[in-house]
Amino acid sequence: MPQLQPSRRRGAVWTVASLAAAALLTTPLPALAADSPSPSAIASAKVDSSLESAVRDGKDATFFVVLKDRADLSGAKKQKTHAKKATAAYGELRAHAKSSQKSLNAFLDKKKVGHQDFWIANAVKVTGDQDLVDELAKRSDVASVVKRQSFELDGIETSDKKVTASRAAALGTDSSADGTDAPAWGVSDIKADQVWDQYQDRGEGIVVANVDSGVQYDHPDLVANYRGNNGDGTFTHDYNFYDASGQCPTTAPCDNNGHGTHTMGTMVAKNGLGVAPNAKWIAAKGCASDVCYDDELLAAGQWILAPTDHNGQNPRPDLAPNIVNNSWGNKDTSTPFYQDILAAWDAAGIFEAFAAGNDGDGVTCSTTHPPGAQADSYGVGAYDVNGKIADFSGFGPSPTDGSEKPNISAPGVQIPSTWPGNDYNTINGTSMATPHVAGAVALLWSAAPSLIGDIEETRNLLNEGARDVDDTHCGGTAGMNYVWGNGKLDILSSVEKAPHTAATVTGKATDKATGKALPGITVQSTDTAGAVRTVTTGADGTYRLPLAAGTYSFAFSGYGYANGSAADVALAEGQTLTQDIALTAVPSHQVSGVVRDVTGKPLPGATVELNGTPLPAATTNAKGKYTFKKVAEGSYGLAVKPAAPVLCNGVHTGPATVGAADLTKNVQVPNRADNSGNVCTPAAYSWIAGSKKVALSGDEDSATVSLPFSVQHYGVSYSTASVTTDGLVNFLSPRVGDYNNTALPTAGVNGVKGVVAPLWDDLTLDRKSSVQTATTGTKGSRKFAIVWNNAAYADGTSGRATFEAVFDEATGAVTLQYQSVADRGAGATIGIADQSGTDAFQYSFNQSVIADGTAVSFTQGAK
């Protein structure tokens, strides 16, 4: 990232997410000389002080084990296109982490310690005590052991947090301005509106993202350019939104804070609020609300580089955004963070902008905070409408590493933008300044596509275009000082300084028969290197796409029309080309079918969607049948989602091609699976009576039982298990007090991990109750049952529960069987969970789904 002297870039710094300054190791440990520190002293130096305090007196804590080895990203940087850069960076990081973490993970598995592995930072998250910390610190492959920390969204620095009902009120204009394209003051101050007018550039063909509190995706000023908007009334959230925090109730983007919707609006909102209103956007929710835990930020950082489906599976680095905004940080300046992620994004050609922080007082120097204070980040300060630096804006030099910060300043006081609830809000903060920079880069890269992915030259152009402000009371010069950085953002100047070699393709999509303009048509260009850019036609059917000189193919697609194309279109530097397209409407037909569950029975109440059409979803009737009356010929995605409780039924996704006749599309939904590939299936009930009593009694008790054969749970083999009165089998340390069942998975220090939950509830064992075990069969095909007999409900619920967990030596499956369950599981959790608290198969949570004389089997997948 730039050292901000003559706008040149500083070399990358080796470090890893969440490292405390004392734990940073940049070179291998030296050989021990006679007066060298002892091995125990070296191990102790690897452990940060906050973790030492957290595990004192026998307490457990969640922490990261950071490995020394780093991936070589030089090959990714040499790739020619954004997609190839991101794909190469992802491949190298993933392969390197898998190889270098193998020994550590084997050690943790042997110790029966759950772990969550990261590839973008080569770090492993675990929970443990002082003894585990000490053992890990002694390992030669470990660089540091650091406590899990929390970061915060930069606070909203304003005394007026009133949410307005309209854009006009947010802008402070009269109601007649509502809905117009008049720019907000910050948009105008950085001269984005002049770029719109002089270059006909509003960010077309560029994808931006934020790591924040989420986004209200269907806000009127944001919905049109959400990349997940199919343009026909339907949405595809896979690869376009990821909730690392687990707070959103569905797979759709949500924002339970407002911060993320506001920052996204400043980047791309329509009607004058956003800097680049024609850029596409996606988002990663890395913050549960105003707090962001570093493991969730790491997961979000991984998703930005390689977007996945909503289950975190099937990564597509070719769909990585061009730009990512980060308006969060940490007041603890001794805690550098995110540098490995910055290096990975940089190698992938993803431009990042970070808030410099709101810890300033208008006078004191060295008040920026990480990550915006780190040498490798592009940090942004804030100023007001009168051109005065904001009192809260963080000043340099960086208290983290002494680098020159901020890099640049942008409007950050009284900034109107979008807000959840289809509202608007006018607030202050470097959080509000930073998306001005991110949006400005979208304008720059759209106007000069040869710059896409060139992080160093982009920063240079931003720095050189900035308007100098002479304030050297914290050091520096008029051109680059520790108050303003390189000065006030001026995107018009930066665009003017950029290489103007782009060709511009414009055109209009129309109905071939009627000549009617067609809005919402997707226009995709692909060059000979495979680089893809996409825009959508506006309300008048027109589009504009700046492209670097080269040879392209164009594809035009939209619901109800046959696809159009244009091949081998040669574009010269500075050329203007009109590429109109007249599309032919296609006939419509009926699509219908029957949906069946995993057992083959009709599945009523399931939601059936034809993705790629504007048609509303259908719901299966009592016989599992669905019908769409009129569907235009074409290829679509058919998605079937079972109604709650979903039990073992998974979501079906597959193609549905409507040809020249009605289509019958019957579906049997697949088995639902967790992220590790575990699936469940209704099983034949075959009760195994217990024969050997387990020493368990009372309300809260646990006992360890020996397993007659090795049992695998999420890829780890166990010879013993802990059994509790509360209907749990725990493969990690014995524990009691888990009477309050929760949804699975449950993360955190006190989360229930590494368990099989046949009926996790507040149960008690009295004189009428017992827990027994039994082993049947011969070696190689044995079954081992753990049986709860006549367990009573501690809350006084009438009736008792008799159930069991049966482990199968031959198949590795675990089957849960229910002889009699009084409340049918209405207050219980049923399922399995991994050892780290990050993956689980939850069959049910507080739902009445268990019938007497039934069974469900969980089959282990790959870890």
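The values are calculated or read from the model by the stated rules, or taken from the named source; none is laboratory data. Keep in mind it's a predicted model, so treat the numbers as computed, not measured. In this analysis, Cβ positions are derived from the backbone assuming ideal geometry, glycine residues included, and neighbour counts consider all displayed protein chains.
Might you let me know whether the range 667-675 holds any residue that is over 21 Å from residue 755 (Cα atoms) and in a loop (DSSP other than H, G, I, E, B)?
Checking the range 667-675: at least one residue is over 21 Å from residue 755 (Cα atoms) and in a loop (DSSP other than H, G, I, E, B).
Each row is one residue, and each column tells you yes or no for (1) modelled with pLDDT of 95 or more; (2) surrounded by fewer than 18 Cβ atoms within 10 Å (Cβ to Cβ); (3) of a type in the set (Phe, Trp, Tyr).
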{"site": "656", "(1), (2), (3)": "yes, no, no"}
{"site": "667", "(1), (2), (3)": "yes, no, no"}
{"site": "686", "(1), (2), (3)": "yes, yes, no"}
{"site": "691", "(1), (2), (3)": "yes, yes, no"}
{"site": "706", "(1), (2), (3)": "yes, yes, no"}
{"site": "712", "(1), (2), (3)": "no, yes, no"}
{"site": "735", "(1), (2), (3)": "no, yes, no"}
{"site": "745", "(1), (2), (3)": "no, no, no"}
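I'd like to verify a number: residues in the range 824-863 that are among the hydroxyl-bearing types (Ser, Thr, Tyr), over 30 Å from residue 798 (Cα atoms) and part of a loop (DSSP other than H, G, I, E, B), how many?
Residues that pass the stated criteria total 2.
Hey, any hits in the range 436-443 for a residue that's surrounded by fewer than 24 Cβ atoms within 10 Å (Cβ to Cβ), touching a strand residue (DSSP E or B) at 6+ places or on another chain (Cβ under 9 Å) and not in a strand (DSSP E or B)?
Checking the range 436-443: not a single residue is surrounded by fewer than 24 Cβ atoms within 10 Å (Cβ to Cβ), touching a strand residue (DSSP E or B) at 6+ places or on another chain (Cβ under 9 Å) and not in a strand (DSSP E or B).
Restricting to the range 203-251, give me the number of residues that are over 21 Å from residue 436 (Cα atoms) and either assigned to a strand (DSSP E or B) or of a type in the set (Ser, Thr, Tyr) (or both).
11
Could you check, for the range 93-102, whether at least one of its residues is charged (D, E, K, R), without any contact (Cβ under 8 Å) to a residue 24 or more places away in the chain and surrounded by fewer than 17 Cβ atoms within 10 Å (Cβ to Cβ)?
Scanning the range 93-102 turns up at least one residue that is charged (D, E, K, R), without any contact (Cβ under 8 Å) to a residue 24 or more places away in the chain and surrounded by fewer than 17 Cβ atoms within 10 Å (Cβ to Cβ).
Just checking, which of 228, 233, 203, 214 is in contact (Cβ under 8 Å) with a residue 40 or more places away in the chain and within 23 Å of residue 448 (Cβ to Cβ)?
So the residue among 228, 233, 203, 214 that is in contact (Cβ under 8 Å) with a residue 40 or more places away in the chain and within 23 Å of residue 448 (Cβ to Cβ) is 203.
Hey, can you tell me all the residues within the range 252-276 that are in contact with a Cys (Cβ under 8 Å, 6 or more places away or on another chain) and either in a helix (DSSP H, G or I) or within 16 Å of residue 431 (Cα to Cα) (or both)?
If the condition is that a residue be in contact with a Cys (Cβ under 8 Å, 6 or more places away or on another chain) and either in a helix (DSSP H, G or I) or within 16 Å of residue 431 (Cα to Cα) (or both), then 257, 259, 260 are the ones that fit.
Need a quick list: strands (runs of 3 or more DSSP E) entirely within the range 577-645 having at least 2 residues that are in contact with a strand residue (DSSP E or B) (Cβ under 6 Å, 6 or more places away or on another chain), surrounded by fewer than 21 Cβ atoms within 10 Å (Cβ to Cβ) and of a type outside the set (A, V, I, L, M, F, W, C).
Qualifying strands (runs of 3 or more DSSP E): 588-596, 607-611, 625-632, 634-641.
Taking the stated definitions as given, is residue 506 modelled with pLDDT of 95 or more, surrounded by fewer than 17 Cβ atoms within 10 Å (Cβ to Cβ) and part of a strand (DSSP E or B)?
It is true that residue 506 is modelled with pLDDT of 95 or more, surrounded by fewer than 17 Cβ atoms within 10 Å (Cβ to Cβ) and part of a strand (DSSP E or B).
Name the single residue, out of those in the range 765-783 being part of a strand (DSSP E or B) and among the small types (Gly, Ala, Ser), that is farthest from residue 721 (Cα to Cα).
770
Considering only residues that are among the β-branched types (Val, Ile, Thr) and modelled with pLDDT of 95 or more, which ones fall in the range 214-269?
Answer for the range 214-269, where residues must be among the β-branched types (Val, Ile, Thr) and modelled with pLDDT of 95 or more: 215, 223, 261, 263, 266, 268.
To keep it simple, each residue is scored yes or no on (1) touching a residue at least 24 places away in the same chain (Cβ under 8 Å); (2) more than 18 Å from residue 671 (Cβ to Cβ); (3) crowded, with 19+ Cβ neighbours inside 10 Å.
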position: 765; (1), (2), (3): yes, yes, yes
position: 785; (1), (2), (3): yes, yes, yes
position: 789; (1), (2), (3): yes, yes, yes
position: 799; (1), (2), (3): yes, yes, no
position: 803; (1), (2), (3): yes, yes, yes
position: 811; (1), (2), (3): yes, no, no
position: 816; (1), (2), (3): yes, no, yes
position: 835; (1), (2), (3): yes, yes, yes
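Restrict the check to the range 367-380 and report whether at least one residue is in contact with an Asp or Glu (Cβ under 6 Å, 6 or more places away or on another chain), among the polar types (S, T, N, Q), surrounded by 23 or more Cβ atoms within 10 Å (Cβ to Cβ) and not in a strand (DSSP E or B).
yes
Only one residue in 651, 591 is in contact (Cβ under 8 Å) with a residue 24 or more places away in the chain and at negative phi. Which one?
Just one listed residue meets the conditions, 591.
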